[in-house]
Structures are given as C-alpha cells and as structure tokens.
Amino acid sequence: CDIINMSWGSLFPSKLIEDAIDYAISKGVLPVAAAGNSGAEDYYCPASLAQVFTVGASNSKDEVTYFSTYGEHIDVVAPGEDILSLRAENTDMYAEGGASGMEPYVHIVDDKYYLADGTSMASPCAVGVAAYIFAASPGTSIERVKEIIQESADDVIYPYGGDSLYSPGEDIYSGYGRVNLNSALELLSGRLAK
C-alpha cells in the first residue's frame with residue numbers, strides 16, 4: 001500500500017506505534033491520521049507525531065467543526081460532518097455519544113447508514129486526495145504529495161464562521177486549509193497517468 005489511514009488515536013504516546021510508522025515511511029508509505037474529536041488543543045498519538053500527516057474536520061460551510069481537535073500539528077482539514085457511512089445492523093454509535101454527543105437514532109439513514117461526524121471521517125477524504133495524486137503521478141515522493149495537498153488547500157480564514165477572522169495562511173485550527181483535489185491536480189507536473 002502507498003497510504004495508511006489512521007482514524008484512531010490515544011492521548012498516550014506509544015513508542016511501538018511510532019516505530020511502526022517510521023518503518024512504514026521507510027518503505028515509502030504515507031501515514032495519515034485523524035486529529036481527534038476533543039474540540040480542544042490536544043495532541044493524540046499518532047496524529048501528533050511529526051512524521052504523520054494530520055487531518056482535522058470541516059463542515060459544509062467550509063468552517064472547522066466545533067469538535068475538531070486543533071494544534072500546531074494540523075496539516076489540513078477535510079469534510080468530517082454529516083458524512084454518509086455504513087452502519088452495522090442494530091448498532092447506534094451515537095446512542096452513547098459520538099463526536100456530536102449523545103443523539104440516539106438521530107444519525108441513522110434508511111436503517112443501513114449513518115450521517116457520521118468526526119475527524120475519522122475527514123482523514124479518509126485527505127487519503128483519497130493523496131491516493132489520486134499517487135495514481136495520477138506515479139513515483140511522486142511522500143514529501144511532495146504532502147506539499148501538494150498543503151499548497152493546494154483552500155485557506156480557511158474564518159475557522160468558526162462569523163467575524164472570527166484569522167490571518168491568511170497556516171493556523172492551528174485548519175492547518176493549510178481544506179483539501180481541494182482539483183487544485184492539487186493542477187500542481188502535478190511531468191508524465192501523468194490517464
């Protein structure tokens with residue numbers, strides 16, 4: 001595989017996990033992690049590891065969600081609110097509280113799906129952008145893929161809407177901004193796969 005999605009984490013660092021990630025990187029794999037759903041400046045493992053590409057969550061208004069964990073380690077944000085996901089039969093992950101809190105039966109769609117919230121939903125969106133870049137431009141380095149995603153992201157200068165203007169550029173709430181596949185593809189050069 002070229003990319004690993006890590007939609008999980010812990011507040012406790014792990015040398016074993018860090019070693020496994022370093023091993024994956026040494027084999028040419030891009031590790032991508034969900035930032036967490038604390039809505040605070042927290043540093044979960046593996047998301048806070050410097051070698052990991054870390055993704056927070058945005059919503060349909062192009063704002064950072066209230067639950068998205070933030071901090072200096074955030075690279076980008078991606079859609080992570082009301083994302084359609086499969087549901088295991090007779091389960092309700094929101095009955096005991098998810099990223100949106102305790103909302104039993106609220107997020108179930110047609111008995112087989114959820115409208116799910118969380119950075120665990122956002123991280124796979126960023127992984128999809130990276131996978132598309134790898135597929136369109138085979139041989140692109142891990143570092144260049146990360147740079148392309150960051151450089152092509154749409155800057156989020158109103159992370160929480162309203163008048164809360166943040167200076168343009170990288171910030172602790174949205175990193176470089178919300179992922180943008182079309183803009184990322186425009187940054188590719190050289191021989192491309194069709």
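The values are calculated or read from the model by the stated rules, or taken from the named source; none is laboratory data. Remember, it's a predicted structure, so these values are computed and weren't measured experimentally. Here Cβ is always computed from backbone atoms with ideal geometry, including for glycine, and neighbour counts include all displayed protein chains. SASA here: full protein model, heavy atoms, side chains in, ligands and nucleic acids out. Shrake-Rupley method; radii C 1.70, N 1.55, O 1.52, S 1.80 Å.
Going through the cross-link list Lys27/Lys146; Lys112/Lys146; Lys27/Lys112, which pairs have a Cα-Cα distance over 26 Å in this structure?
Lys112/Lys146; Lys27/Lys112
Could you give the angle, 0 to 90 degrees to the nearest 10, between helix 119-136's Cα long axis and the longest principal axis of the Cα atoms of the chain?
Tilt relative to the chain: about 30 degrees.
Could you state the angle between the C-alpha long axis of helix 142-152 and the longest principal axis of the C-alpha atoms of the chain, as a value from 0 to 90 degrees rounded to the nearest 10?
In the chain, helix 142-152 runs at an angle near 70 degrees to the longest axis.
Based on the mean of other beta carbon atoms within 10 Å per residue, what is the order of 26-35, 74-83, most packed first?
So the peptides 26-35, 74-83, ranked by packing, come out 74-83, 26-35.
Give, in nm to one decimal, the length gained when the segment between Tyr166 and Lys112 is fully stretched (0.36 nm per residue of separation minus the Cα-Cα distance).
Taking 0.36 nm per residue and subtracting the Cα distance, the gain is 15.5 nm.
From the helices alone, meaning DSSP H stretches of at least four residues, give me the mean residue ellipticity at 222 nm for the chain, per-run term -39500 (n - 2.57), in deg cm²/dmol to the nearest 500.
Mean residue ellipticity, 222 nm, calculated: -7500 deg cm²/dmol.
log₁₀ I(q)/I(0) of the range 114-194 at q = 0.26 Å⁻¹, via Debye over equal Cα point scatterers, no solvent, to two decimals?
Log10 I(q)/I(0), no solvent term: -1.22.
Eigenvalues of the Cα gyration tensor times 5, then square-rooted: what semi-axes does that give for the chain, in whole angstrom, largest first?
Semi-axes from the Cα gyration tensor: 26, 20, 18 Å.
Let's test the formula: R0 of 30 Å, r as the Cβ-Cβ distance of Leu84 and Cys1. What FRET efficiency results, to the nearest 0.05?
Computed FRET efficiency for Leu84 and Cys1 comes out at 0.80.
For the range 125-164, build the charge dipole from Cβ charges (+1 Lys, Arg; -1 Asp, Glu) around the Cα centre, then report which of Gln150, Ala126, Thr140 sits farthest towards its positive end.
Thr140
Calculate how steeply helix 15-26 sits against the longest principal axis of the alpha-carbon atoms of the chain, using the helix alpha-carbon long axis, and give the answer as 0 to 90 degrees to the nearest 10.
Computed tilt is about 40 degrees.
Could you compute how much accessible surface Arg87 exposes when probed at 1.4 Å, giving the result in Å² to the nearest 10?
Here the accessible area works out near 40 Å².
Between Arg144 and Asn180, what is the label-to-label distance in nm when each label sits 7 Å out along the Cα-to-Cβ direction?
Rounded to a tenth, the inter-label distance reads 2.2 nm.
I need the semi-axes of the equivalent ellipsoid of the range 65-142: take the C-alpha gyration tensor, multiply each eigenvalue by 5, square-root it, list largest first in whole angstrom.
29, 17, 8
At q = 0.17 Å⁻¹, what is the log10 ratio I(q)/I(0) for the range 111-158, with the Debye formula run over Cα points and no solvent?
Debye intensities relative to I(0), on a log10 scale: -0.64.
On average, how much accessible surface per residue is there in the chain, in Å², for a 1.4 Å probe, leaving out ligands, DNA and RNA?
Ligands and nucleic acids excluded, the result is 52 Å² per residue.
Pop out the Kirkwood hydrodynamic radius of the range 1-56 from its pairwise C-alpha distances, inverse of mean 1/r, in Å to one decimal.
11.3
Can you give the local net charge around Leu49? Use residues other than it whose beta-carbon is closer than 10 angstrom to its beta-carbon, Lys and Arg +1, Asp and Glu -1.
Around Leu49, the surrounding residues sum to -2.
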